[in-house]
Amino acid sequence: MCGIVGYIGPREAYPIVIEGLKRLEYRGYDSAGIALFDGENLKVSKTKGKVVDLEAIAEKNITLSGNVGIGHTRWATHGIPNDVNSHPHVSNSGDLVIIHNGIIENYESIKQELITRGYTFKSDTDTEVLINLIEEVKKQENLKLGKAVQVALNQVIGAYAIAVFDKNKPEEIVVARLGSPLAIGIGDNEDEFFIASDASPFIEYTKNAVYLEDEEMAIIRFHKDIKIRKIKDDSVVDTYVQELQINLEQIEKGGYDHFMLKEIHEQPKAITDTYRGRLLRNEAIIKMAGVEDNMKTFLNANRIIIVACGTSWHAGLVAEYIFEDLARIPVEVEYASEFRYRNPVINENDVLIAISQSGETADTLAAIKLAKSKGAFVFGVCNVVGSSIARESDAGAYTHAGPEIGVASTKAFTTQITVLTLIALRLARAKGTISSSDFRTHLLELEMIPSKVEKALLSDENIQTISNIYKDVDHFLYLGRGYNFPVALEGALKLKEISYIHAEGYPAAEMKHGPIALIDENMPIVVIATKKGHYEKVVSNIQEIKSRKGKIIGIVTEGDTQVRTLADHVIEVPETLESLSPLLTTIPLQLLSYHIAVMLNKNVDQPRNLAKSVTVE
Ligand code: M6R
């Protein structure tokens, strides 16, 4: 979490850093800060609040000139969000300045040691400790900045992406990463460099970027070059420059009020992009290099273990149904955070599928490392190309959702399900657990999903009316069965995270084992009751709710009449196969949470306390 941005070159750094911070605000938005160097003075401005608050304060308090600048948008870990704890942090001498994304776990013992040497601390942060450790090492051993950063980092335990600057050596910025992402943009004439947590802050300036690997650091010199080294042993690393595939349009709102709404509406295209070139209906095949190259491993696996967090975990639950149903491979789905700490039984006969939009989620990354250490084969399903999880996996398949900026995941979920469905179908075909006609039907239906999503999106007005009726309630219940149980969980998560209304998702049949006690005439219950899959059973569940006067919002198949007679409201989705229904039933739930949050005046794209990628445990 936290976003970091930096610039060194011939242009004014301030607008580049500020605009960059705005693009990275999805990573954290408790507080923000900037440091600029104009050739003589180091100027720091920081504040609790958002980047717009920083702009107002910086423009009042400091001169905004300078060709070197670093900036930070924070998601607090150590110390509450306030002005003092905001980054950048300056060392005791006033010479060194740092921005940091991550956590220094052993900061307390280092801090005590530094205090005995006369250092004082203004903030409660681990980052202020790190910059003073760098200062102390530099002073004691009379080192250059790059070397001092390296020696200091070898003394810390934790995770970081940092950028450090010394006002006495204004021609260079030192950056390093371990566990948190860091990209360096290289200007066209190689006379300017950009630093950022992802490439979005600099895509209008350059398409050339270097992604630091874990345990690497770089010294970036104005008018010169970048030198990358291993932090541990100082060995030189070749600079691998990648061409960026994203463009500015993809990371702008494009006329929508919020990124979340834009991303909901992008789903038809995102799903198409995800199966394009993989689903070849005319040839009746699925082509996925990552699966093909490792077919034996998949087919010989004892089981598949899926690890993920949040929405990605919900996609994993949908995948459990489809893998077991179609490919008859046993699947276990685990929260990555639990898996990594519970001493799981895992060996070389297991395949672990890690699902992550960002590819940077710390718990998922740690689960991968654990599985690999026990000999399991790791397959990554990520959206962000070149992300840590994508690189750490033995093989994988990207979802091609395009950048997802709204903190609430939408298109990531449906594209993850698309990729996982393709994998399950491919394995089912290879194992012979699906007939050729069923396989063809699945391909045909999957290919029609984008146009059906378009149709599902047309319920927007109806959903706005329903949202207006229920926006002021305190609790919601979401129920679904089979493939749509994970969708109920996802619907509840969406509502919670952006509207702050308490919501729970349950398998519909579990209702009578407890949650039914919550139902009264004030409780709205969203029930996914599509025609295919346990329809009659779900209708019985709806009857049970009705008898307790609960307010029923039914997600039904087009043309449904039975649920319509029982429910207070219905939202229709087109008919499809049961296994593909989550790709449609999730759409109205995304819109419902979106409209309720907007009506409640909540910050839809940046809900409180959350951040887009959770790079701390
Ligand atoms: O980037 P990841 O898919 O690994 O992120 C996992 C969760 O943090 C994420 O899905 C989170 O739950 C979202 N805010 C849900 O909308």
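When segment 354-382 is filtered for residues that are within 13 Å of the ligand (Cβ to nearest atom) and over 19 Å from Val616 (Cα atoms), the ones remaining, listed by number, are Gly380, Val381.
Per-residue answers, yes or no, for (1) basic (Lys, Arg); (2) touching a Pro at 6+ places or on another chain (Cβ under 8 Å); (3) at pLDDT below 95:
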residue: Ile99; (1), (2), (3): no, yes, no
residue: Ile104; (1), (2), (3): no, no, yes
residue: Glu113; (1), (2), (3): no, no, no
residue: Leu130; (1), (2), (3): no, no, no
residue: Lys147; (1), (2), (3): yes, no, no
residue: Ala152; (1), (2), (3): no, no, no
residue: Gln155; (1), (2), (3): no, no, no
residue: Pro170; (1), (2), (3): no, no, yes
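Filter segment 490-501 for residues that are in contact with a helix residue (DSSP H, G or I) (Cβ under 7 Å, 6 or more places away or on another chain) and more than 18 Å from Phe413 (Cα to Cα); which is nearest to the ligand (Cβ to nearest atom)? Once the filter is applied, the top-ranked residue is Ser499. Ile70 satisfies every condition listed in (1) hydrophobic (A, V, I, L, M, F, W, C); (2) open to solvent by 10 Å² or more (accessible area, probe 1.4 Å); (3) in a strand (DSSP E or B) except (2).
The condition (being open to solvent by less than 10 Å² (accessible area, probe 1.4 Å) and in a loop (DSSP other than H, G, I, E, B)) is satisfied by just one residue among Gly359, Gly375, Gly380: Gly359.
Criterion applied to Arg74, Arg11 was being within 27 Å of Glu617 (Cβ to Cβ) and basic (Lys, Arg), and the one residue passing it is Arg74.
Looking only at segment 466-518, which residues are among the β-branched types (Val, Ile, Thr) and modelled with pLDDT under 95? Scanning segment 466-518 gives a single hit, Ile516.
Screening Ile469 with (1) touching a His at 6+ places or on another chain (Cβ under 9 Å); (2) within 16 Å of the ligand (Cβ to nearest atom); (3) of a type in the set (A, V, I, L, M, F, W, C) gives one miss only, at (2). Just to verify a result, which residue in segment 321-339, among those that are more than 12 Å from the ligand (Cβ to nearest atom) and open to solvent by 50 Å² or more (accessible area, probe 1.4 Å), is farthest from Ala428 (Cα to Cα)? Going through the qualifying residues, I end up with Glu338. Here is the figure for segment 597-617: residues that are closer than 22 Å to Asp460 by Cα and either of a type in the set (Lys, Arg) or away from the ligand (no atom under 15 Å from the Cβ) (or both) total 5.
Filtering segment 430-464 down to residues that are open to solvent by 10 Å² or more (accessible area, probe 1.4 Å), of a type in the set (Gly, Ala, Ser) and at negative phi, which residue is nearest to the ligand (Cβ to nearest atom)? If we take residues in segment 430-464 being open to solvent by 10 Å² or more (accessible area, probe 1.4 Å), of a type in the set (Gly, Ala, Ser) and at negative phi, then Ser459 is nearest to the ligand (Cβ to nearest atom). Taken over segment 554-593, the criterion of being of a type in the set (A, V, I, L, M) and part of a loop (DSSP other than H, G, I, E, B) is satisfied by Ala567, Leu577.
Between Glu40, Glu19, Glu59, Glu25, the distinction of being out of contact with any strand residue (DSSP E or B) (no Cβ under 8 Å at 6 or more places or on another chain) and in contact (Cβ under 8 Å) with a residue 12 or more places away in the chain belongs to Glu19 only. Among the residues making up segment 204-221, those that are open to solvent by 10 Å² or more (accessible area, probe 1.4 Å), farther than 24 Å from Gly158 by Cβ and part of a loop (DSSP other than H, G, I, E, B) are Glu204, Tyr205, Lys207.
Within segment 394-429, restricting attention to residues that are of a type in the set (Gly, Ala, Ser) and away from the ligand (no atom under 13 Å from the Cβ), the residue that is surrounded by the most Cβ atoms within 10 Å (Cβ to Cβ) is Ala424. Taken across segment 491-498, residues that are open to solvent by less than 10 Å² (accessible area, probe 1.4 Å), under 19 Å from Asp520 (Cα atoms) and in the same structural domain as His534 (by TED's automatic domain parsing) do occur, with at least one present. Of all residues in segment 113-145, those being assigned to a helix (DSSP H, G or I) and either surrounded by 17 or more Cβ atoms within 10 Å (Cβ to Cβ) or in contact with a helix residue (DSSP H, G or I) (Cβ under 8 Å, 6 or more places away or on another chain) (or both) number 16. For segment 358-371, the criterion of being without any contact (Cβ under 8 Å) to a residue 40 or more places away in the chain, outside the structural domain of Ser180 (by TED's automatic domain parsing) and basic (Lys, Arg) is met by at least one residue.
All of Lys253, Lys224, Lys287, Lys230 fail the test of being surrounded by fewer than 17 Cβ atoms within 10 Å (Cβ to Cβ), modelled with pLDDT of 95 or more and not assigned by TED's automatic domain parsing to the domain that holds Glu447, apart from Lys230.
Among the residues making up segment 1-50, those that are modelled with pLDDT of 95 or more, hydrophobic (A, V, I, L, M, F, W, C), assigned to a helix (DSSP H, G or I) and in contact with a helix residue (DSSP H, G or I) (Cβ under 7 Å, 6 or more places away or on another chain) are Ile18, Leu21. Scanning segment 583-610 for residues that are touching a Gly at 6+ places or on another chain (Cβ under 6 Å) and either open to solvent by less than 10 Å² (accessible area, probe 1.4 Å) or of a type in the set (S, T, N, Q) (or both) yields a single hit, Leu589.
Within segment 188-199, the set of residues being open to solvent by 10 Å² or more (accessible area, probe 1.4 Å) and under 24 Å from Gly402 (Cβ atoms) comprises Asp198 only.
The values are calculated or read from the model by the stated rules, or taken from the named source; none is laboratory data. Quick caveat, the model's predicted, so the values are computed rather than measured. Please note: Cβ atoms are built from the backbone with ideal geometry, for glycine as well, and neighbour counts cover all protein chains shown. When the accessible area is computed, the model is the full protein with side chains, heavy atoms only, and any ligands, DNA or RNA have been set aside. Shrake-Rupley method; radii C 1.70, N 1.55, O 1.52, S 1.80 Å.
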